[in-house]
Amino acid sequence: MKCLYYPGCSQKSTSLSYERSFLAIARFLNIEVEELEDWNCCGTTAIISLNKHLACSVAARNLALAESRNLPLVTPCPSCYISLHRVNLIFQKDPELAAQINRHLGRGGLVYMGTVKVYHLLEYLMKMVSLEKIRSRICYPLRNRRVAPYYGCQITRPYSGGDDLNNPRYLDQLIEALGGEPVDFALKSQCCGGALMITRQNVAAEMCHKILDDIRFAGADLIVTPCGLCQYNLQSAAGRRRSRSAPDKNPPILNLAQLIELTFDLRNQDAYLKKIHPRLHKDKNISQGGSHV
Amino acid sequence: MSNRIGVYVCHCGSNIAGKIDVQAVANSAKLLPEVKVSRDYVFMCSEPGQQLILDDIRKYDLNRIVVAACSPLMHEKTFRDVVVQGGLNPYLVNIANIREHCSWVTEDPDRATEKARALIAAAVAKVRFLKPLKQTRVIVNQSILVVGGGISGIQAALQCADSGFKVYLVEREQSIGGHMAMLDKTFPTLDCSACILTPKMVSVGKHPNIHLMTYSEVEKVSGFVGNFKIRVRRKATYVDFDKCTGCGICQDKCPVKTGNAFELNKTHRKAIYTLFPQAVPNKPVIDPEHCIHFTQNKCGACQKLCPKQAIDFAQQDVLEDIQVGAIIVTTGHQVFDSRKMPAYGYGKLSDVYNALEFERMVNSGGFTQGKIITSGGKAPERVGIIHCVGSRDQRHNDYCSQICCMYALKFAHLVRDHTGAHVYNFYIDIRCVGKGYEEFYDRVLSEGVFFIRGKVASITRPTGKTGSNGQLNVLVEDTLAGIVRRIPLDMVILANGIEAKPDSREVARIFGISTNKNGFFLEQHPKLNPFGTHDPCVFIAGTCAGPKDIPHSVAQASAAAAAAITLLEKATIPIESYTARVMEELCAGCQTCIRTCPYDAIKYDPDKKAPHIDEGLCRGCGTCASACPSGAIETHNFTDRQIMEEIQAILS
Amino acid sequence: MNSTLEKKIVVDESLDNHFLRTIANTPEGERILSCLQCGTCSATCPLSGILEYTPRHLFALIRAGQKSTVLSSNTIWICSSCYQCIVDCPAQIKITDIMYRLKRMSMDTRLATRKVDIRRFYHLFEKSVVKYGRSHELGLITRYLLLRHPLQMLKQLPLGIKMILNGYLKIFPHKIRDLTSFRRMAHSALKSKEETP
């Protein structure tokens, strides 16, 4: 199995741990991962707020670069997924705009024909890798640990990659496959305010606390999220509360790749859990695996 | 050939004349072969317009007429009647549609005029080769079939039966009554539903002219207009209704308990059961999926205890064939499944009810004996009612279900009246169009119900700090006050809409009628014939034809009944004249036509070694004519020669 | 003459009657005329509490032709693009996409007011991408916070340093290899006018 990997800017900085864990589990799943050569920022929510042509062009450039490789393009970042998928939809439904985008691409010596298949990581694992294959590689199943699947908003909507828009199930099914017990809570795809993390920090923190409170009352040992930005946002919010009051009652927040990595047999990486959750660290089930933050 | 053709170009006011140069077109028609007279006139369908044709037929001894006007669907009959008056066969008039097919759809006047010229030339070319056709009439069978025993079916059946006709009323469930039997009170009068329905049900049960077939379904409809052969499957009840007295001992003693669908599974019933106390007929049936005798070959208590030995486990389904002249379809509706709105938590959260569930709750015969109580067993203090659940929604049903606003108001009134609780109605619009409906709204307003204009986004039962007392939280924007509100409630009732039954398309196919995109049966004309279908002997009424309240259902049912009665009283009905004809000398006997006929109208005649087309069954669709590899079949007045002449005329 | 009685009454001449039609003619605004003003979007929006106008209210203002009110509001900028409104809208209006269009319109018409600093963050982001091909997070955050929320930046300094030391924030921006052609493409796009019908 081979795929092209589009990291997105966050995977190389604040979500570096996501990339590390993703590459690690890919090796275990015998997926050959090739980072898209000379990829650029997809534009995310920022550029489309200012200039539609630029937003579509910067996203399309990545697709144009990927096209010649004839491989599926996988990205762990839901926001990047939306930017890239949006371009594909334009190429399907709006030939005039598509032609204009190709004009801009042409100034950069590229062209896009609309043939690249884009997946977000969760979708790729569910559809192309399959739960059976993941199950076959598990060495340390979660043994009924209660894991709260926090999807976040942009992986569920508007392009769900085949999952149900109102009541997503992919992550729940993955948790079950890993041996855990998915926890149901009302805010599982509620926005955490990631887009406002820098510009309206207090608002984003409050949105995170709502979600963390809901998860806490539902009772979870772990939180998993497929979005690196959500992970960072939730961790920051949890951290802010922690410094002010008593020890952090929030369960550890892992990203999708980290959770899977926990169940595969890899280098002893319990340092992360030891650092922030010594109580859980002592538990053999999840003390093996897991990456550094 | 020596035809004498009259061409009449209608202005249709400015509908045609505003785009097409009608005079020029009439003038050029005069130059067409065999055209003796060509006129234009402002309204051909008017009396003077018709008189023009009549006068010309006499004056010029015309034998063929072409009218260039609106769609034949509008006035073909008018002009056919005119030429009959003038002594000609009605099938010798040909209509050229220069309105819907020309002036209304072409932007450029010059191009429209050219097109009109071509259409008229084609019509003239065809009319030269049209042959007079005979109009056969068949006798109409003097019985009527009513399918579906809800209030619409009951009304239609009673009306037809009272007029002296024999009525077969086929109902799928074991009792007639339909959804109306489940209701508690009806708006706006707050009449008890059962009290107004059951007298009619009893009348049906007792009527000498009504042959009631419950627990039965129509399996097949064959035959032709006025002469339908209906195959009805009488499902096995395992109870001999002739012996059963309805004493109820079997139901008392049956050990099985399973979900009671009439109470929407909020309580149980036995494996041998009647639907509700006032059922007609009031005889129980056995549910073989849950009866221990059928599943495990044990028990048999009912059989042992029945004083009349009415239990017969060996009973089989019976197929009964009946013949009728007209069919009235009144199969009703189903309700929207609120689980399709996951944000409302229906099916997951307790105390969130669908409308019918609440109807059963507040009904004294229902699963709480008429007490309005929460899942905790106490009377609620705060109740919310959400309008437009599943309706006016592009993701589900885009139409308005018509009855929900009124029954939501009814619920608001009942809750206030029975419990004194605070009631909140969450709406987008309040639709009260019927007689007494707006007044009812005013009454409910004055009873102190809170009306919040806003569609509820979500219902949750929060835990911990954010919730309180385990109440349901409803999140809604009060659009009129301009604030977003979170309102704690003890109970929420969803005013879910109504939709076509899941098998409506299959049912439509059985009766040869069509459905619209939402699965409701299609009427012949939405304004002028809402109870007829394109089949002159099949009628529709009630919610199967679209969402409506009880008065409209009853009115439509009576209209359908009246139309059916009119049909039967005429005693004969004309059958389709545009039938197909086999030219036996060309037939090779391949039987392709027999296989392709969608109406089973062709049978093989072994003596003639050729197909025989039953003119009664034939609908003139033309499938056999096009399928025949030898070109041995032609459809009257749509022959190859006629059509080729049309095409030639257009191209030249 | 601004009489006291007439001040609050909005007269039609002062409104932009084309505004609604403009939005309705955009690909994303296709269904805006079908808005029933039901308010589901406002109730389901996680941020409605801090929006100047709830989404429904904003659409009512669009329909009333209140162009400057709409394009200078903070609603369109605070929207976090969670797309919940689109999923819940019974008329299936592409609300989030219209918000993006309104952001762009408020920039083009220069109606976006000072109070909405979020656009400055996006501007810095855009500049970074055009310059390097990637967004340089450290550069972005420092430039934005220094100007807008210096205290916040001070509070975050220790965490920031930790992240730099651990490699989670890069001091220097990463430049893509084909930067020249990338910039040519970017400038071509920047010069293009988005079709405003």
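Numerical summary
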read-out	value
Volume per residue that the Cα convex hull of chain C spans, once the total is divided by residue count, Å³	178
Residues with amide H under 5 Å from that of residue B:458, placed H, sequence gap 5 or more	B:475
Order of A:10, A:236 under a 10 Å beta carbon neighbour criterion, fewest first	A:236, A:10
Cβ neighbours within 10 Å from other chains - mean over C:175-188	6
Selection from C:68, B:178, B:555 lying farthest towards where the dipole of the protein assembly as shown points positive, charges on Cβ	C:68
Cα-based Rg of the protein assembly as shown normalised by 2.2 N^0.38 Å, two decimals	1.15
Cα convex hull of segment B:129-262 - mean projected area over all directions, nm²	13.7
Segment C:1-125, dipole about Cα centre (Lys/Arg Cβ +1, Asp/Glu Cβ -1), debye to the nearest 20	280
Segment C:12-114: relative contact order in percent, alpha carbon pairs under 8 Å with at least 6 residues between	32
Sequence of B:191, B:56 once ranked by neighbouring C-beta atoms within 10 Å, starting from the fewest	B:191, B:56
Assigned charges on the beta-carbon of Lys, Arg, Asp, Glu; the protein assembly as shown dipole about Cα centre (debye)	4220
Helix A:201-218 axis, angle to chain A major axis (alpha carbon atoms, nearest 10°)	50
Value of [θ]222 nm, deg cm²/dmol, for chain A, DSSP H segments ≥ 4, -39500 (n - 2.57) each, nearest 500	-13500 deg cm²/dmol
Hits among lysines - C-alpha to C-alpha of residue B:371 under 20 Å, sequence gap 8 or more where chains match	B:185, B:266, B:410
Per-residue mean of C-beta atoms belonging to partner chains within 10 Å, peptide C:117-130	5
Charge dipole of the protein assembly as shown about the Cα centre (unit charges at C-beta), most positive-ward option of A:48, B:376, C:86	A:48
Segments B:541-554, B:129-142 sorted - mean Cβ within 10 Å per residue, highest first	B:541-554, B:129-142
Residue exposure sequence - B:292, A:155 - by fewest surrounding Cβ within 10 Å	B:292, A:155
Nearest 10 degrees, 0 to 90: helix B:151-162 Cα axis against chain B principal axis	60
Cα pair distances exceeding 26 angstrom across segment B:334-499, given as percent	22
Rel. contact order, % - alpha carbon contacts under 8 angstrom, at least six apart, segment A:139-194	53
Over chain B: helical MRE at 222 nm, DSSP H runs n ≥ 4 each giving -39500 (n - 2.57), nearest 500	-8500 deg cm²/dmol
Rg to Rh quotient for segment A:93-173, alpha carbon positions, Kirkwood Rh	1.15
Low-density loop cleavage sites - trypsin sites (Lys or Arg not before Pro) in segment C:41-122, where at most 13 other Cβ are within 10 Å (DSSP)	C:110, C:114, C:115
Under 18 Å from the Cα of residue B:348 - aspartates and glutamates, other chains or at least 8 residues apart	A:164, A:172, A:184, A:214, B:337, B:357, B:490
For segment B:101-166, alpha-carbon Rg relative to the globular expectation (2.2 N^0.38 Å, N residues)	2.26
Candidates C:166, C:74, C:25, ranked by Gaussian network fluctuation over chain C, Cα under 10 Å, top entry	C:166
Dimensionless Rg ratio for segment B:584-634, taking C-alpha atoms and the 2.2 N^0.38 Å reference	1.00
Filtered GluC sites (Glu not before Pro), segment C:104-197: DSSP coil and at most 13 other beta carbons within 10 Å	C:195
Highest average packing first - B:318-330, B:18-30, Cβ atoms within 10 Å	B:318-330, B:18-30
Segment B:331-420: trypsin sites (Lys or Arg not before Pro) in DSSP coil with no more than 11 other Cβ atoms inside 10 Å	B:378
Percent of Cα pairs exceeding the 23 Å cut-off, where the set is segment C:12-114	16
Volume per residue of the C-alpha convex hull in segment B:249-305, rounded to whole Å³	78
Global form of segment B:172-230, assessed from the alpha-carbon gyration tensor, a/c cut-off 1.5	prolate
GNM top mover of A:198, A:101, A:253 - chain A, alpha-carbon springs below 10 Å	A:198
Coarse-grained scattering of chain B at q = 0.06, 0.07 Å⁻¹, given as base-10 log I(q)/I(0) from a Debye sum over alpha-carbon atoms	-0.48, -0.64
Fraction of alpha-carbon pairs over 36 Å apart in chain A - percent	16
Residue among B:460, B:408, B:367 farthest towards the positive dipole end of segment B:334-499, charges placed on Cβ	B:460
Point-charge dipole on Cβ atoms (K/R +1, D/E -1) for segment C:148-197, about Cα centre, debye to 20	180
Residues of type lysines that residue B:134 reaches as a straight line, Cα spacing below 21 Å, ignoring anything fewer than 8 places off in the same chain	B:77, B:126, B:570
Average other protein chain Cβ within 10 Å of Cβ, residues A:187-199	5
Inverse mean reciprocal Cα-Cα distance (Kirkwood Rh) of segment B:1-114, Å	13.9
Entries of B:283/B:378; C:103/C:131; B:235/B:517; B:220/B:501; A:12/C:191 with Cα pairs more than 26 Å apart	B:283/B:378; B:235/B:517; A:12/C:191
Relative contact order of segment B:334-499, defined on C-alpha pairs under 8 angstrom at six or more residues apart (%)	31
Cα Rg, Dmax, segment C:119-195, angstrom units	15.0, 46
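Every number here is computed from the coordinates shown, using simple stated rules; none is lab data. Worth saying up front: this structure is predicted, and the values here are computed from it rather than measured. Glycine also receives a Cβ, built like all others from the backbone with ideal geometry; neighbour counts cover every protein chain displayed.
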